[in-house]
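Here's the structure we're looking at; comments come further down.
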Amino acid sequence: MPKARKVYPVLYASGHQDLLYRSGSVNPTLYFEIVPDAGRLESDPDYRDYFRDMTENEMFRAIISRFILSQPLMVRNEGIPFILFKTNMDPWNLENFCRSIVQEISFHTGIRHQAFFGLEKTMLVKPDARPGKLAFLSAGLKGEPLTRRTAFEQFRKPLDFEGEPADQSILYSLAQWKEENRRKALAARQEEEEIVLW
């Protein structure tokens, strides 16, 4: 009886998004999510804006910067962010780095957050790309889209950190973030005043 071929969940990207990743390539793929505290999200606008900025922007920048030698590429499918890696990616180091981010956000907000993590190989498909000479080889490995409920639920697993929340010096603290926003608002106001005075 022939051995069943492994199929990979599929992520989609535009053909021109990145030339390093060809359509049909199979790559280690990261999904990382930190779940906000629903009560504080409703009652604290500073927490809501800080949490959104850190989890939608800063934490992905930190991961990409930390693993730059692995040639990371961020891809969004149905609004869900994923990071693909090309080479030299240490899964243990990546998981621990994500754990440190959860630990740090928990420290800065005073709330122990729940997180989800997924790291497995997926197939990148560029619908607008011309099929390569060896496209037939990857055609049989193509599974369902990763964002389908069953594939996605199998992909993401809870990610906990041990010990107490701690500052890992990866992201802005809440106080630094507030000060930076205050400084930007002040600079913008001064710029507007200069334009009016001119």
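Read-outs: derived from the displayed coordinates by stated rules, not from any lab. Bear in mind the structure is a predicted one, so any value in this text is a computation, not a measurement. So basically every Cβ, Gly included, is an ideal-geometry build from the backbone, and we count neighbours across all protein chains shown.
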Placing +1 on each Lys and Arg Cβ and -1 on each Asp and Glu Cβ in the chain, then taking the dipole about the Cα centre, the residue among Leu146, Gln176, Gly24 whose Cα reaches farthest towards the positive end is Gly24
Taking only the alpha-carbon atoms of the chain, the convex hull volume per residue, in cubic angstrom, is 181 Å³
Listing Ser106, Ser169 by rising number of other beta-carbon atoms within 10 angstrom, fewest first, gives Ser169, Ser106
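What does the charge dipole of the chain about its Cα centre add up to, to the nearest 20 debye, if the Cβ of each Lys and Arg holds +1 and the Cβ of each Asp and Glu holds -1?
Dipole about the Cα centre, nearest 20: 1520 debye.
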When Asp53, Asp90 are ranked with the fewest other C-beta atoms within 10 Å first, the list becomes Asp90, Asp53
Scan of the chain for GluC sites (Glu not before Pro) in DSSP loops with at most 15 other beta-carbon atoms within 10 Å gives a longest site-free stretch of 79-161
Scoring only Lys, Arg, Asp and Glu (+1, +1, -1, -1) among other residues with Cβ under 14 Å from the Cβ of Arg149 yields -1
